[in-house]
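Reading through the structure tokens given below for one structure.
The values are calculated or read from the model by the stated rules, or taken from the named source; none is laboratory data. Just so we're clear, the structure is a prediction, and the values are computed from it rather than from any experiment. Cβ: placed from backbone, ideal geometry, glycine included. Neighbour counts: every protein chain shown. Protein only, heavy atoms only, side chains kept; ligands, DNA and RNA dropped before computing areas. Shrake-Rupley method; radii C 1.70, N 1.55, O 1.52, S 1.80 Å.
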Amino acid sequence: MMTQADEHWMSVALAEAEAAAARGEVPVGAVLIGPTAGEMLASAGNTIVETHDPTAHAEMLVIRAAAARLGNERLVGSTLYVTLEPCAMCAGAITMARISRIVYAAADPKGGAVAHGPRFFEQPTCHHRPVVDTLPGDAEARASTLLKEFFRARR
């Protein structure tokens, strides 16, 4: 069940995605909330181009920042909000970090690995399966529009 908190944190992730687009990055944003309600551990947008780092996806950045902040590689009890369905690399990091829940706005039939492609968390070799929720409606529309406009401008 989606809550007002889910909508709030996704709006923060969407703002990160908009900021990424303004920097010329693929507009994906993420926010990681700790097990204490309302405790934002990290937020980021993609910085792949800026850092010349193909692993600098928004999800990876918030996982790294939160783990460093907490001094622990395990982020048990945390919730990750991301504007786009995570890819296989990010799904692997989510599993390794033991993130308890992910909420994403837009599906990614081409590069997503949660509901599409390898369906990472459904594989028998996946040792940690977070609860996965989507946030349809306005958040999904905003995230999709940001991505479509970004790529349309580059074609």
Under Stokes-Einstein, segment 61-113 at 10 °C and 1.306 mPa s, with its Kirkwood radius over C-alpha pairs, diffuses with a coefficient in µm²/s of 140
Per residue, how much accessible area does the chain show when a 1.4 Å probe rolls over the protein heavy atoms, in square angstrom?
49
Below 8 Å, C-alpha to C-alpha, sequence gap of six or more: please give me the relative contact order for segment 56-131 in percent.
29
What are the ³J(HN,Hα) values, in whole Hz, obtained from phi via the Karplus relation 6.51 cos²θ - 1.76 cosθ + 1.60 with θ = phi - 60°, for each residue of segment 130-138 in sequence order, with x given for Gly and Pro?
x, 5, 10, 10, 10, 10, x, x, 4
Please report the antiparallel percentage of DSSP beta bridges with both residues in the chain, rounded to the nearest 5.
50
So, relative contact order of the chain in percent, Cα under 8 Å, 6 or more apart, is 21
Taking the Cβ of A91 as the center, what net charge do the other residues with Cβ under 12 Å away carry, scoring Lys and Arg +1 and Asp and Glu -1?
-2
Using only the alpha carbons of segment 15-62, determine the length spanned along each of the three principal axes and report them from longest to shortest in whole angstroms.
33, 19, 10
Give the carbon-plus-sulfur fraction of the accessible surface of the chain in %, rounded to a whole number; probe 1.4 Å, heavy atoms of protein chains only.
57
With every protein chain present, what accessible area does M96 have (1.4 Å probe, heavy atoms only), rounded to the nearest 10 Å²?
110
Sort 36-44, 12-20 for me by packing, meaning the mean count of neighbouring Cβ atoms within 10 Å per residue, highest on top.
12-20, 36-44
Give, as a single signed number, the net charge of other residues whose beta carbon lies under 11 Å from the beta carbon of E18, with Lys and Arg counted +1 and Asp and Glu -1.
-1
Options (1) 104; (2) 116; (3) 136 - which one matches volume of the Cα convex hull per residue in Å³ as calculated here:
(1)
Once amide H atoms are built 1.01 Å from N in the peptide plane, which residues 5 or more positions from D108, or in another chain, come under 5 Å H to H?
E85
Could you run the Karplus curve 6.51 cos²θ - 1.76 cosθ + 1.60 with θ = phi - 60° over segment 96-112 and give me ³J(HN,Hα) per residue in whole Hz, x for Gly and Pro?
4, 7, 6, 4, 7, 8, 10, 10, 10, 8, 9, 6, 10, x, 7, x, x
Please list, in order along segment 143-154, the HN-Hα scalar couplings obtained from phi with the Karplus expression 6.51 cos²θ - 1.76 cosθ + 1.60 (θ = phi - 60°), rounded to whole Hz, x for Gly and Pro.
5, 5, 5, 4, 5, 4, 5, 4, 6, 4, 5, 9
Whenever you get a sec, line up H57, H8 from highest to lowest accessible area (probe 1.4 Å, protein heavy atoms).
H8, H57
